[in-house]
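Contents: one structure, followed by commentary.
No lab work stands behind these numbers, since they all come straight from the coordinates. Because the structure is a prediction, the values reported are computed rather than measured. Backbone-built Cβ (ideal geometry, glycine too); neighbour counts: all protein chains shown.
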Amino acid sequence: MRHASRIIGQCLGIIALSGVLAAGSNALRPDGLPLVHAAQSAVTVGASGEIGVKDAALLFLSGRAVFLDARSQLEYEMGHIQGAVWLPPREFASQFQDIKPLLAGKDAVIAYCDGERCTLAATLAKHLRGAGVKNVVELKNGWALWQAERLPVAKGGAMSRAAGAPEGQCRDCGKK
């Protein structure tokens, strides 16, 4: 009996020690799990309204951002950030009201295109700000950087859940 209580005591001691070490390790990590109350986001947005790919990825993984692809429909179909909505600047006036509900409650609305000199995302961001959307940022050279980081991508037609088509269904033709 004495031997069993000693073993139980040692097991409880090991469990308590591992709990203390885990909590200490978590507290020291910059990306540690919030145990009591979530701290403010570590994601930073530059004064220019641009966001880096790592910060965009954090927002993507936590589901706190909507990504808007400003490129051509062909480029979008060939590949885009997983879950991104296709909204080129030339379609803004006709599509914004359909997409607007997707933007509500998100920490960021991230417009992106491809290439350092691509101005489509900046133009789309300007349209969004003009329509009263406050949390708009641009992921400059977004598509190339996203792919280089091997982050989640998708291929296929320009689909939008906001446009009345069920998820995975084309808003133009209704096909999956």
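Some values worked out for this structure:
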| read-out | value |
| --- | --- |
| The stretch 103-112 - phi-based ³J(HN,Hα) in whole Hz, Karplus 6.51/-1.76/1.60, Gly and Pro as x | 7, 5, x, 9, 6, 8, 10, 10, 8, 9 |
| Share, in percent, of DSSP beta bridges within the stretch 53-163 that are antiparallel, nearest 5 | 15 percent |
| Contour minus Cα-Cα distance for Q97 and L151 (0.36 nm per residue) | 16.6 nm |
| Nitroxide proxy distance, nm - points 7 Å out along Cα→Cβ at N26 and H3 | 3.7 nm |
| Other-chain or far-sequence residues with amide H under 5 Å of E50's (modelled H) | E138 |
| Protection proxy ranking, peptides 76-84, 21-29, average beta carbon neighbours within 10 Å, highest first | 76-84, 21-29 |
| Ordering of 1-11, 119-129 by burial proxy (mean other Cβ atoms within 10 Å per residue, highest first) | 119-129, 1-11 |
| Set of the stretch 104-126 residues, backbone N closer than 19 Å to the point 7 Å along the Cα-Cβ line of S72 | 112-124 |
| Using θ = phi - 60° and Karplus 6.51 cos²θ - 1.76 cosθ + 1.60, couplings along the stretch 2-13 (whole Hz; Gly, Pro as x) | 5, 5, 5, 5, 5, 5, 4, x, 5, 4, 5, x |
| For the stretch 77-83, Karplus couplings with θ = phi - 60° (6.51, -1.76, 1.60), whole Hz, Gly/Pro x | 5, 6, x, 8, 4, 3, x |
